[in-house]
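What follows is one structure encoded as structure tokens, with my remarks underneath.
The values are calculated or read from the model by the stated rules, or taken from the named source; none is laboratory data. Keep in mind that what you see is a predicted model, and the values were worked out from it rather than measured. Here the Cβ is made from the backbone with ideal geometry for all residues, glycine too, and neighbour counts use every protein chain on show.
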Amino acid sequence: MTAPTQRPAATTAATAVPAAFHDAVRPLVVAPAGAGGDLDHDAVPAASVTLVGGAGGVDPAVIEAARAQGRPVVVNLGERPELAAAAVAAGADGLWLTAPGAAAAAQAREAATRVAPLVRSAVPDTVTGCRAAIDAVDAALATLLEHRVALAGRVQRLKPVGGHAGRDPGREAAIVAAMAERAPSLPPESLARIVTAIIEAGLDAAERDEEGEPPVWRL
């Protein structure tokens, strides 16, 4: 099926927003049948969403303007799943792919899972919904922790004294203070324990990988 074109909404069943869009904790991947998307193309009638993108790429202003139509905004990525993260960050509710392979849908879904908690505020009203939202936040946390480990490994190679012996209490206190401003619900002493655990885990990882290069972080 080819990508739908925008057209005025009609008062028919085809205008009903697919149920999967309601309360989704991340943008849904709409892909060809059998490609492993959250929804197949045929499950998303053209009049039920507002499709943007395509040759024009990902434009936050276009996505914002399209939201005024009151339907989920689905960004057409074509065969470029690598644009998924940018589309999610720009406010997409869905990601339309024309690439037939399951790998493209998986790549777009993973990007949406990692980025969505950083740009979307999900407040579900069911236990299942809350757990799905928590899982999404955990995915983002894991991604950021992997990024931090990569940076920690790099800095250990640049410091005059690396590893646990080169820890800087003043620097660690400053990290806790900065985090406390962004996470006021957590007492500083709780944040200090979290930061200490993260730092020590990063140092342990850097020491285990002492002879190699730091891990490469990718979204």
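Computed quantities for the displayed model
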| item | result |
| --- | --- |
| Qualifying residue in segment 91-100 (condition: charged (D, E, K, R), touching a residue at least 12 places away in the same chain (Cβ under 8 Å) and in contact with a Phe, Trp or Tyr (Cβ under 8 Å, 6 or more places away or on another chain)) | yes |
| Of residues in segment 125-150 being hydroxyl-bearing (Ser, Thr, Tyr) and assigned to a helix (DSSP H, G or I), the one surrounded by the most Cβ atoms within 10 Å (Cβ to Cβ) | Thr143 |
| Out of Ala122, Ala111, Ala105, Ala87, sole residue that is surrounded by 20 or more Cβ atoms within 10 Å (Cβ to Cβ), closer than 21 Å to Ala68 by Cα, of a type in the set (A, V, I, L, M) and touching a residue at least 40 places away in the same chain (Cβ under 8 Å) | Ala87 |
| Selection from segment 135-150 of residues that are within 12 Å of Pro117 (Cα to Cα), in contact (Cβ under 8 Å) with a residue 40 or more places away in the chain and touching a Pro at 6+ places or on another chain (Cβ under 9 Å) | Ala136 |
| Boolean, Gly153 is out of contact with any strand residue (DSSP E or B) (no Cβ under 9 Å at 6 or more places or on another chain), surrounded by fewer than 17 Cβ atoms within 10 Å (Cβ to Cβ) and of a type outside the set (S, T, N, Q) | no |
| Breaking point among (1) surrounded by 14 or more Cβ atoms within 10 Å (Cβ to Cβ); (2) assigned to a helix (DSSP H, G or I); (3) not charged (D, E, K, R); (4) not assigned by TED's automatic domain parsing to the domain that holds Val88, for Gly162 | (2) |
| Segment 11-32 - residue that is among the hydroxyl-bearing types (Ser, Thr, Tyr) and in a loop (DSSP other than H, G, I, E, B) and, of those, modelled with the highest pLDDT | Thr12 |
